[in-house]
Each structure stands twice: as C-alpha cells, then as structure tokens.
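Following: one structure in structure tokens, then a few remarks.
Please treat every number below as a calculation from the coordinates, not as lab data. Just so it is clear, the structure is predicted and the values come from calculations on it, not from any experiment. Positions of Cβ are backbone-derived with ideal geometry, glycine not excepted, and every protein chain shown enters the neighbour counts.
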Amino acid sequence: MSSENAQEFRRAALGLLARAPAARLAELLDALPAHELLRAPEIGTVMLRGRAGGTGAAFNLGEMTVTRASIRLDSGAVGHGYVQGRDRTHALRAALIDAMGQDDPAGVEQRILAPLRAEEAARRAETARDAAKTRVEFFTLVRGEDE
C-alpha cells in the first residue's frame with residue numbers, strides 16, 4: 001500500500017472508529033493486545049468552528065468534550081484514538097485498532113472496519129427513511145391572474 005493510500009485508509013478508519021458505538025468496538029476487539037501507553041486516555045475539550053451558510057466567515061460555535069489516547073504495540077506500530085465524549089476505553093480501543101491497522105490493514109479491514117462500515121450505512125439509511133416519511137410536497141395552483 002502506498003504512503004498516500006495508507007494515510008487515506010488510516011484517516012477513514014479513525015473517523016469510522018470515532019463514530020462507532022463504544023459497545024460495538026468492545027465486541028469486535030474484546031481482548032486487548034499487548035501495548036505500551038504513550039498517552040494514557042485523557043479527557044479534554046476542543047473548540048468547534050462553524051461557518052454561516054457553509055461559506056461565510058468562521059466563528060466559534062462552542063466546545064465539545066473529547067477523549068484521546070496514544071499507544072505503541074509490541075511490533076512498534078503507534079496508534080492514536082480521538083473520540084467524542086468521556087469514554088476512556090473507547091479512545092484506547094480506537095488507538096489499538098489504529099496501530100493494528102498499520103501492521104495488518106487487510107485483517108483489520110475484514111474483522112473490524114467492514115462490519116462497522118456496514119452498520120453505519122444501515123443506520124444512515126434508516127435515518128434517511130425516517131426523514132423521508134416527514135417530507136412535505138408543496139405545489140401551487142395557477143389561479144389565472146397571471147395570464
């Protein structure tokens with residue numbers, strides 16, 4: 001895998017791990033591999049920035065609580081995990097999976113990331129179906145005054 005492809009794989013995987021339910025990560029990675037803590041899971045905040053209309057000037061929207069962790073596997077691979085909220089084990093598991101993905105990307109993809117991706121797609125489809133139920137069609141009748 002080229003350096004650029006590996007970076008894109010890792011970016012996508014970290015996003016998926018951050019969005020995944022912590023309980024589901026615990027099911028998929030029940031036994032934690034041997035590792036060294038480089039940065040023990042710690043809780044902090046980040047500033048969220050927004051843009052009016054998506055294109056306007058940036059402004060500070062507010063703060064969000066995040067938890068981060070960094071680990072090193074016995075193989076030497078270093079992994080990082082950032083997750084929303086205060087769940088230390090979620091951040092630790094995300095960091096472990098990040099490092100494992102550097103050693104064995106195909107194995108991690110098949111065993112962990114593919115199921116998470118499929119479940120996320122199903123959740124999004126269900127949300128879209130629920131939103132579609134509330135769709136309102138507007139129409140205008142021509143009253144003849146504009147002729």
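Select from the range 22-93 those trypsin sites (Lys or Arg not before Pro) which occupy a DSSP coil region and have at most 13 other Cβ atoms within 10 Å, ordered by residue number. Walk me through the intermediate numbers first.
On the way: sites: 24, 39, 49, 51, 68, 72, 86, 88, 93; in loops: 86.
Those satisfying the criteria are 86.
Karplus-derived 3J(HN,Hα) values for the range 23-28, using 6.51 cos²θ - 1.76 cosθ + 1.60 with θ = phi - 60°, are 5, 5, 4, 5, 5, 6 Hz; glycine and proline are entered as x.
I need to check one value: relative contact order of the chain, counting alpha carbon pairs closer than 8 Å and at least 6 residues apart, in percent. Present the calculation step by step, with values, prior to reporting the outcome.
Working: 203 pairs, mean separation 31.1, N = 147.
Over the chain, the number comes to 21 percent.
Once R0 is set to 22 Å, what does the formula 1/(1 + (r/R0)^6) return for the Cβ-Cβ distance between residue 52 and residue 129, expressed as a FRET efficiency to the nearest 0.05? Intermediate results must be reported in sequence, preceding the final value.
On the way: r = 30 Å, r/R0 = 1.38.
Calculated value: 0.15.
Seen against the Cα atoms of the chain and their longest principal axis, helix 3-19 is set at about 70 degrees.
The HN-Hα couplings worked out from phi for the range 82-87 by the Karplus form 6.51 cos²θ - 1.76 cosθ + 1.60 (θ = phi - 60°) are 10, 9, 6, x, 10, 8 Hz, whole numbers, x standing for Gly and Pro. Estimated from helices alone, the mean residue ellipticity of the chain at 222 nm is -13500 deg cm²/dmol (sum of -39500 (n - 2.57) over DSSP H runs with n ≥ 4, per residue). The ranking of 142, 46 from fewest to most other beta carbons within 10 Å of each one's beta carbon is 142, 46.
Of all the stretches in the chain, which is the longest one without any exposed loop site, taking chymotrypsin sites (Phe, Trp or Tyr not before Pro) in a DSSP loop (any state but H, G, I, E, B) with at most 13 other Cβ atoms within 10 Å? It runs 1-137. One quarter of the surface of the convex hull around the alpha-carbon atoms of the chain equals 14.5 nm², the direction-averaged projected area.
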